[in-house]
1. With springs only between Cα atoms under 10 Å, which of 240, 180, 292 fluctuates most in a Gaussian network model of the chain?
2. Take peptides 105-115, 377-387 and line them up by average Cβ neighbours within 10 Å, highest first, as a rough protection proxy.
3. For 432, 329, which order do you get if you count the other beta carbons within 10 Å of each Cβ and list the fewest first?
4. For helix 82-101, what angle does its Cα long axis make with the longest principal axis of the chain, in degrees from 0 to 90 and rounded to 10?
5. Could you tell me how many degrees, from 0 to 90 and to the nearest 10, lie between the Cα long axis of helix 14-25 and the main elongation axis, the longest principal axis, of the Cα atoms of the chain?
6. Please give the helix 57-78 orientation as an angle from the longest Cα principal axis of the chain, in degrees from 0 to 90, rounded to the nearest 10.
7. If packing is taken as the mean number of other Cβ atoms within 10 Å per residue, what is the order of 94-100, 277-283, 8-14, highest first?
8. What number, in percent, do you get for the relative contact order of the range 1-67 if the mean sequence gap of Cα pairs under 8 Å and at least 6 apart is divided by its residue count?
Ligand code: ADP
Ligand code: ASP
Ligand code: MG
């Protein structure tokens with residue numbers, strides 16, 4: 001059974017929902033379909049939560065009422081029969097009354113998670129009702145019954161695998177199985193989520209759990225482009241990526257994929273295909289285990305990076321220095337992205353600034369610490385094994401006019417990373433496009 005995930009834009013209006021339903025029922029084969037909230041809804045739910053954190057229930061109520069009206073209009077357009085219009089309107093009434101109930105209670109991060117979950121709950125119910133109205137044999141699974149994270153807030157894959165397979169075995173014979181992306185329960189059974197953009201992660205976890213033939217991520221662009229189309233002109237779709245290449249691009253900022261969603265697909269050996277809902281016949285991008293030798297595939301950028309340089313004459317000929325430095329980051333649950341060492345110092349980058357002050361205070365015991373904020377990692381991805389001569393010089397040459405603070409090469413066979421100022425990101429990405437892809 002294939003798993004198909006449709007993002008916010010793909011279910012962003014009544015017409016788009018109808019298009020998605022046509023797409024998923026075209027061949028009559030059974031499918032697991034993962035849906036995001038309608039585009040803009042999760043942002044609006046975040047806005048509502050912000051008002052409630054700031055103890056402004058009137059502000060929250062206003063936005064809830066506007067959002068409700070928007071959804072009521074969609075209902076009118078989506079359903080043909082009075083029966084399904086009424087059924088969905090009364091579902092929406094319950095949903096929005098539920099949202100309004102949060103304006104009367106003490107608001108914490110637990111309540112925020114409950115509010116954020118409603119976008120996907122609403123979109124999946126609306127699409128399920130539409131499919132039923134069209135006579136399609138369909139069933140809605142609540143992701144809260146099988147998507148769970150563990151005590152480290154990582155997906156509990158064994159649990160997910162057991163529960164989703166149980167659900168399917170208990171409900172045979174349906175054509176379309178629908179579920180929510182993004183939402184889950186945590187190790188304590190509370191409602192939680194897989195972070196923004198997390199519906200991709202849901203789809204890949206389910207695809208891996210079902211040992212699916214293919215996981216399809218349907219979005220608003222014709223696959224992974226060779227550079228960020230939001231920043232650079234003349235980007236092109238990449239037709240094929242190795243799992244590792246896609247994982248690096250996602251982690252280092254290619255928004256088309258959730259940062260960690262490729263891992264489960266890679267471990268299960270399930271190919272992932274990126275497709276365009278607005279142009280379903282476009283070939284998109286296939287992500288699998290194949291390597292195209294000697295080819296640079298794409299560039300991505302990750303913003304808001306902090307670089308930390310620790311210099312110490314004590315490091316000279318000392319063993320154990322790096323361990324002590326890394327232990328400090330570990331003790332603050334802060335992961336390091338880039339590392340660069342010399343005989344008298346080490347530079348690292350992090351993107352989680354929550355414990356920056358404490359980390360700096362601890363590092364100062366070992367030497368002089370220099371911090372630069374507002375940095376950007378630019379990551380060049382492809383078959384960059386060291387035997388492939390010339391790629392280091394080619395990529396460095398592309399950035400000849402841009403100050404580069406750090407370079408990381410040789411950590412994997414798929415990546416060269418450069419650390420530049422965020423203000424130089426656009427110039428750097430454009431320079432890579434001009435040198436690597438458009439020349
Ligand atoms: P969805 O709501 O379907 O999950 P997203 O907005 O999360 O869609 O991801 C698709 C968007 O990712 C595209 O519209 C595009 O602007 C952006 N994007 C950023 N980098 C890339 C890239 N390298 N290739 C394709 N799209 C990218
Ligand atoms: N609706 C969630 C978000 O906007 C999850 C997703 O769309 O992937 O982040
Ligand atoms: Mg997304």
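Rule-based calculations on the coordinates, nothing more; no lab input. From a predicted model like this one, the values you see are computed outputs, not experimental measurements. All Cβ positions, even for glycine, are placed from backbone atoms using ideal geometry, and neighbour counts span all protein chains on display.
1. Result for the chain, Cα springs under 10 Å: 292 fluctuates most.
2. Listed from highest to lowest mean packing, they are 377-387, 105-115.
3. Neighbour counts put them in this order, fewest first: 329, 432.
4. The two axes meet at around 50 degrees.
5. The two axes meet at around 90 degrees.
6. With rounding to tens, the tilt is 60 degrees.
7. Peptide ranking by packing, descending: 8-14, 94-100, 277-283.
8. It comes to 34 percent, rounded to a whole number.
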